[in-house]
Structures are given as structure tokens and as C-alpha cells.
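Note sheet for the following structure.
The values are calculated or read from the model by the stated rules, or taken from the named source; none is laboratory data. In this text, all values refer to a predicted model and were calculated from it rather than measured experimentally. So basically every Cβ, Gly included, is an ideal-geometry build from the backbone, and we count neighbours across all protein chains shown.
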Amino acid sequence: MTNEATLLDKYASEVFAGLVSPALNGVQISAAPASDLTKEDALVRMTAELKRALEKPASERRWVMVIDLRKCVGCTACTIACVAENKLPPGVVYRPVLMEEIGTYPNVSMKFLPRPCMQCDEPPCVPVCPVSATFKRPDGIVAINYDECIGCRYCITACPYSARTFDAGRFYTSDTPQLESYETLPNFEYSESWVRSKGDSPIGNARKCQFCAHRLDAGMLPACVTTCIGRATYFGDANDPDSLVSELSASPNMMRLKEEMGTEPKVYYLV
Amino acid sequence: MKKFERLLWLIAIVGFVVGAFGLYDRVANGHINVSYGSYVPWGLWVAAYIYLVGVSAGAFLISALVYAFGVQKLEKIGKLALFTAIITLGISLFSIWLDLGHPERAWRLAAHTNFSSMMGWMIWLYTAYFILLVAELWFALHADFVAWSARKDFAGALARFLTFGKRDASAEAQKRDKSVLRVLGSLGIPLAIAFHGSVGALFGVIGARPYWNTGLTPIMFLVGALLSGGALITFITFVFGPNQGSAEHKETVIFLGQIVLALLALDTLLEWAEYSIGLYNSIPAHAASMELILFGPYWWAFWVVHLAIGVVLPGLMLVFRGKTPAWVATAGLLIAATFISVRLNIVIPGLAVPELEGLSNAFTGPGLTFNYFPTLTEWLLQIWVVSVGLFAFLIGYRVLPVVSAQGKTNIPANTHKEL
């Protein structure tokens, strides 16, 4: 288990030895101040919790995401990590960061709101699918069966959060001399290998954030969570009372988007 | 009217040739050169689909006046109305089929229907409606098929084939056909209402889109269907109806004009209800779609195309020139043709309002925009589809007894054996 104290010990001695050594020359570092700094990185804790959750049957897990808007600086690293992880083409986005300007120019401030799929408990997108290609998994993730989706886009109209997008079959590098391989490599959504090539799924399908279900299967946190520079996005099992997300989502400063619609989102915002 | 028929042939040929590029682009490049995408996922093709399928339902319900209710004044155009209903249904389904991301999986709609989806219901109601239409048209044409069997040309051979061996056209057989037609026509009324109502409900149930999410939506769809279908049948009756120039023909057109005027008034009333309540909404976001329609970048689609050319002008024609068949037919054409703007103004503005503030600039790219206007490909493919329908109509008009007098061999005076 890594903690900041051991990190400090390690790097202070090896990397920064030359820099810090004059100041520390002859001074014996005691363990006491270091233990005050003992703090586990949220990612480490959440990864351990994730592994714990995976030991339970899927139906007993309840994946939730908590986004601390006070920490979000609007860097959109999560958006880009998601695009890279899921190899999203032009016109498809799973987690944009909505930006709102408050005030009148030049006296403005910005408000940022990352918007993944809410993985609603009462998802309006599911009942409208004419072929039952989209469904709620036992662990609560709203998934799309790419091989069954006919591409009617009815679900896209039904989502109150615009969390579903349509893969029209475009490529970022189609107008360049060479279609770059990073666009033709498979992505691993839903733990399957999907190569985007002419007319094949997921081209022609509705697509959405699935909390990086394929990464979860491998014991990894969603890409947006690991990449968040401010540790503003948390992920875990809300059915685990000791998990970080359970602690955070119980805060009174918690809110959910469009709560009044009764969709019961599983993405919580701390404000 | 021969001149007019020639003009329609010309339009169909030009539309077919020019529009073929749209078909090619859709087949070759999929959904790349289109304007709909992730934020406005439905566009012209969906609007055209609900427009054409509405025309079909409307035309069918006009035919039901003949076969279910025995309205004498319209008796001669029952077959024409049924025939129009089949063609518009066919091309509407073609429009929506190519709109799918995976048209090759359309069979799943029937094989894996989800009945909690309005779209799932729609598919089965369509199937039932289509079967009913074909059966009804056959019974309506049966006596004519027998009569035409004597002809020596292609139409004769086709008629012989289409009798399917049932060559009995005696008075008794015709009576039997008529009673079957009454049953089918009567069954068809709730079916047509249910299927087009389900198209309206498909939009009405979407709680995420306040503009669609009202109980009035399916009703507006139905009244719009009756209006656009009735208006088109009025025009078609004037141009293609039997016994042109006769007092009877004139009377039929004028009578249809009166029906259309009443439907136009009803539709306008419903529209007023929808817009006045919607705009007055105490929650401003609910009025956003309507403000977009009235004052957005495509305001002219409402004010000019719909209101001026599709309501006021034909309304005035029907009120002040309602006894002149040519004026009545022109009004019908204007209403029917401009009604696509009404359907576009249902589909697009419901989607073109961002669901969350800041979404439009959050992440950009093709399809990630709230400004929708059909691309050339979209227009061309739609033109192609309509041209195919026009062809089917013009050919059917020549080779099927859709306008001949019931059970008589004579062909209407104006239809010459050109084909």
C-alpha cells in the first residue's frame, strides 16, 4: 500500500536527494511528522473497493459515480480519456464537460459540470427501445447490445441528459492521406472487441457511457476517474457501506441532475 | 388532365434521376453526409415518414367513408383513395427504413418486439394495416379485374392474373365483395386510428421533450393525417378521378373540399390550443421549442410555408372559391404539399433545444450541434423516394382499374392506352 509518507521517503531520498540533502544534512528524520501526512490516494482506496465489490455477485453491486464540482477545474481530461479509452469517433461523446458562464463579461466566472451517463435506476431510454437492445444490467449499468441495436435513435430522443450519441460512421482521419490506426484498432466496450469498419457495429448504433464496464471487469476504475487531475471524480459500490462513494454520496451537499424527472440517476454531484 | 399527367411523369422522372444521387450517397457512405446526428438524432427522413404515413392514414379514412359508411358522393373514388394509401404507406416505410443505422436488422422489429416501446406497437399495427389495405383494395377491384380480364393488353393480362382465378363478377358476387369491404373498412377505422395514433404516441410519451410530451400529440397526428390525406385525395380526384368534367366529378371534388375545409378548421383550432398553451407556459423552458418554431432560424417554415401557403391561402380558396373544382384542387395540393413543414416542425424543434445548459459548446463535432437543416443528400434521397411513389401511382393508374367505374370495362374518357 502506497501512502504519501512512503512516497516522500522514496523520492526524497532517491530523486531529490541532492536538492533536499543540504537542508536535511545531519538532521535525523523522525517517523512522527511523516505519519501525520499519511493519506491514501483516493484511487488506491477505490481500486481496493472495486476489487472487493467484484467478489460479490453482480446483482449485489451498485455502481455509482460521485463528482465533486468544487474540485472540477474544467480541464476536460476525463472527456479525452474517455474518447481515448473507448476510441470514440467524431460526433460521439460519452462525457462532455458542460461549461456555463456566470456573470456578464468581463466579470465572469465559470461553472463546470462533467456529464457521463447517469445510469438511471429508472432509465427512460430502456422501455422505448423497440427491440430491447438496451437494458439495465444486474449491477445497474445501462448497456447497449450493439449487435441487436437497429439504429433507430429513439433512445437518444428519450434521454433527458443527452447522454446517448449516434455513431454515424465518421473517422477523424478519413480526409487525410492515411486512416490512422488508432481509429481502426478495436475498443473493448462491454468486454468485447469492436472494430469500427464500414457499416459494422458500433457504427450505426446508439452509444453511451457504460462506466467503462470492460475496465471494471478487469478490476480497473473507469478511465475518467483515474485520469481526473483533481481527483474530483469518484467511483465505487454504493452497496458497500465502507466505500468512499457511500461516504461521499451521503453528504448533504449532494445533488443529482433533473431529480424531478424521477429517473433516479446513479451519478451524484457534490456542490 | 392529360397534360397534367404528363407533367407528373416528367416530375417523377427528373426526381428519380436527380434523387438517385441521394440514394447512392446513403447506400455508399451511410450516415456521414447527413445533418442529423447525436443531439438532433432525427431529421427530414423521420419527418417525411410521419408525413407520408399520415397521408396514408388520411387517405384510408376517406376510403372508409365509402366502404364502411357508404357515403354515396365519394363512392367512385374509394379505390383511388385506397390505392393512394398503399403507395404512401410503402414510401413512408422506405423513408424510415433507410433512416435506420442498421437497415439490415429491421426484421428484429418483428422478431424481437419490445411491447413497452411505442415503436414496437407501431410495427405490428403497420403490418396489420398493410395486410388490411391490400385485402381491401383487392376486394374493391375484384369486379374490375374480372371485367378487365377481357382486355387484350398488358393491363388485361395483369387483371386476369390478379383475379387469382376468381372470375365470378355476378351481381351476387359483387354483393359479397361489398359486404367483405364493409367489414374490412370498418375494421380499418380503429386500426388506422390506432396505428397513426401510435405514431403520435411515439412522440407523446417522451417525457424528456416537453414539446412532444402532451396528450394532444396523438390527436394532432390524427387530425393532421386526415387533413393532409384528405387534401391529397381532393387533388388526386380532380386530376385522376373518374368521369372528369361530369357534374358528378365536380360534385365529388366540391364535397371533398368541404371535408378538407372542416378538417383545416379543426387542425387550426388544435394548433392554436397547442401553441397558445405552450407559449404561455409558466416554465419558460417548456416554451423553448415553440419559440424556436415561431422565431428561430427557420421561422419561415412556420409562417410562410405552413401558415401562409398551407393554411390561410387554401383556406381562403376553399371559403371563397369552394364551388370551383380547380380552386378546390389547388387548395388541396397546397395543403398536402406544405404539410411536410408541419411534420418537420414537430420532429426538429422538439430535439433542437439543448436538454442541459452548456451542452452545445461542451464538445463539438459533426452531429454534436442543435442546428439542424437537411443536407443535399437528405433532400435528394427524399425526392427519390417520393418520385418512386409517384411512378408507382402513375403506373398503377394505367395498369390497374383504380378509376374505372365499378364492374365496367369502359376506361374513363381521358385515360388512353398509352402505356
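Checking A:Leu270, A:Leu244 one by one, the residue that is away from every other protein chain (no Cβ under 14 Å), crowded, with 16+ Cβ neighbours inside 10 Å, farther than 17 Å from A:Arg115 by Cα and touching a residue at least 40 places away in the same chain (Cβ under 8 Å) is A:Leu244 and no other.
Is it the case that A:Cys82 is within 13 Å of chain B (Cβ to nearest Cβ) and free of Cβ contacts under 8 Å to residues at least 40 places away in the same chain?
Details: within 13 Å of chain B (Cβ to nearest Cβ): yes; free of Cβ contacts under 8 Å to residues at least 40 places away in the same chain: no.
So A:Cys82 does not fit the description; no.
Pairs linking a residue in segment B:26-39 that is at the interface with chain A (Cβ under 7 Å from one of its Cβ atoms) to a residue that is of a type in the set (Phe, Trp, Tyr) and in a loop (DSSP other than H, G, I, E, B), with Cβ atoms under 9 Å and 6 or more positions apart or on different chains, are B:Gly37/B:Tyr372; B:Tyr39/B:Phe370; B:Tyr39/B:Tyr372. Name the single residue, out of those in segment A:128-156 being farther than 18 Å from A:Tyr94 by Cα and buried (at least 24 other Cβ atoms within 10 Å of the Cβ), that is nearest to the chain's Cα centre (by Cα). Once the filter is applied, the top-ranked residue is A:Ala133.
For B:Thr88, indicate whether it is under 30 Å from B:His196 (Cβ atoms), under 21 Å from the mean Cα position of the chain (by Cα) and within 14 Å of chain A (Cβ to nearest Cβ).
Values: under 30 Å from B:His196 (Cβ atoms): yes; under 21 Å from the mean Cα position of the chain (by Cα): yes; within 14 Å of chain A (Cβ to nearest Cβ): no.
Criteria not met by B:Thr88.
Residues in segment A:48-79 that are among the polar types (S, T, N, Q), within 14 Å of chain B (Cβ to nearest Cβ) and closer than 19 Å to A:Gln210 by Cβ: A:Thr79 alone. Just a yes or no: is a residue in segment A:124-139 touching an Asp or Glu at 6+ places or on another chain (Cβ under 8 Å), in contact (Cβ under 8 Å) with a residue 12 or more places away in the chain, farther than 24 Å from B:Phe370 by Cβ and polar (S, T, N, Q)? So far as segment A:124-139 goes, yes, one or more of its residues are touching an Asp or Glu at 6+ places or on another chain (Cβ under 8 Å), in contact (Cβ under 8 Å) with a residue 12 or more places away in the chain, farther than 24 Å from B:Phe370 by Cβ and polar (S, T, N, Q).
Whether any residue in segment A:89-109 is in contact (Cβ under 8 Å) with a residue 12 or more places away in the chain, away from chain B (no Cβ under 13 Å) and either over 30 Å from B:Gly120 (Cα atoms) or in a loop (DSSP other than H, G, I, E, B) (or both) is what I want to check.
From segment A:89-109, those in contact (Cβ under 8 Å) with a residue 12 or more places away in the chain are A:89-100; that's our starting set.
So of that shortlist, the ones also away from chain B (no Cβ under 13 Å) come out as none.
No - not one qualifying residue is present in segment A:89-109.
One line per residue, one yes/no per condition, for (1) part of a helix (DSSP H, G or I); (2) within 20 Å of the chain's Cα centre (by Cα):
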site: B:Lys178; (1), (2): yes, no
site: B:Ile189; (1), (2): yes, yes
site: B:His196; (1), (2): yes, yes
site: B:Phe203; (1), (2): yes, yes
site: B:Tyr211; (1), (2): no, no
site: B:Ile219; (1), (2): yes, yes
site: B:Val223; (1), (2): yes, yes
site: B:Leu227; (1), (2): yes, yes
site: B:Leu232; (1), (2): yes, yes
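Here's a check for you: in segment B:354-387, which residue that is in contact (Cβ under 8 Å) with a residue 60 or more places away in the chain and of a type in the set (Asp, Glu) is nearest to the other protein chains (Cβ to nearest Cβ)? Spell out the reasoning first.
As a first pass, look at segment B:354-387 and keep what is in contact (Cβ under 8 Å) with a residue 60 or more places away in the chain: B:354-355, B:359-360, B:366-387.
If we keep only those that are of a type in the set (Asp, Glu) as well, we get B:355, B:378.
Values: B:Glu355: 5, B:Glu378: 13 Å.
Here the residue is B:Glu355.
Name the helices (runs of 4 or more DSSP H) wholly inside segment B:276-375 in which the number of residues that are in contact with a Pro (Cβ under 9 Å, 6 or more places away or on another chain), among the small types (Gly, Ala, Ser) and closer than 25 Å to B:Val53 by Cα is 2 or more.
Working: elements: B:284-295, B:313-320, B:325-351, B:359-362.
Output list reads B:325-351.
Every condition in (1) part of a strand (DSSP E or B); (2) under 16 Å from B:Leu202 (Cβ atoms) holds for A:Phe112 except the one numbered (2).
Taking every residue in segment B:181-194 that is within 18 Å of B:Ala225 (Cβ to Cβ) and pairing it with any residue that is among the acidic types (Asp, Glu), at least 6 positions away or on another chain, the pairs with Cβ-Cβ distances below 8 Å are B:Gly185/B:Glu136; B:Gly188/B:Glu136.
Considering segment A:158-184 alone, what residues qualify as being within 9 Å of chain B (Cβ to nearest Cβ), out of contact with any Pro (no Cβ under 6 Å at 6 or more places or on another chain) and not aliphatic (A, V, I, L, M)? Matches in segment A:158-184: A:Cys159, A:Pro160, A:Tyr161, A:Ser162, A:Arg164, A:Thr165, A:Gly169, A:Ser174. For A:Asp200, the requirement of being of a type in the set (Asp, Glu), in a loop (DSSP other than H, G, I, E, B) and buried (at least 22 other Cβ atoms within 10 Å of the Cβ) is not met.
Cβ-Cβ contacts under 6 Å between residues 6 or more apart (or on different chains), taken from a first residue in segment B:96-111 that is within 7 Å of another protein chain (Cβ to nearest Cβ) to a second residue that is in a helix (DSSP H, G or I) and at pLDDT below 95, are listed as B:Leu109/B:Ile123.
If you check A:Gly74 against the conditions, is it on the phi > 0 side of the Ramachandran plot, assigned to a strand (DSSP E or B) and out of contact with any helix residue (DSSP H, G or I) (no Cβ under 6 Å at 6 or more places or on another chain)? First the steps, then the outcome.
Values: on the phi > 0 side of the Ramachandran plot: yes; assigned to a strand (DSSP E or B): no; out of contact with any helix residue (DSSP H, G or I) (no Cβ under 6 Å at 6 or more places or on another chain): yes.
Spelling it out, it is not the case that A:Gly74 is on the phi > 0 side of the Ramachandran plot, assigned to a strand (DSSP E or B) and out of contact with any helix residue (DSSP H, G or I) (no Cβ under 6 Å at 6 or more places or on another chain).
Considering B:Phe164, B:Phe139, which residue is of a type outside the set (Ser, Thr, Tyr) and at positive phi?
Working: B:Phe139 fails: at positive phi.
Answer to the check: B:Phe164.
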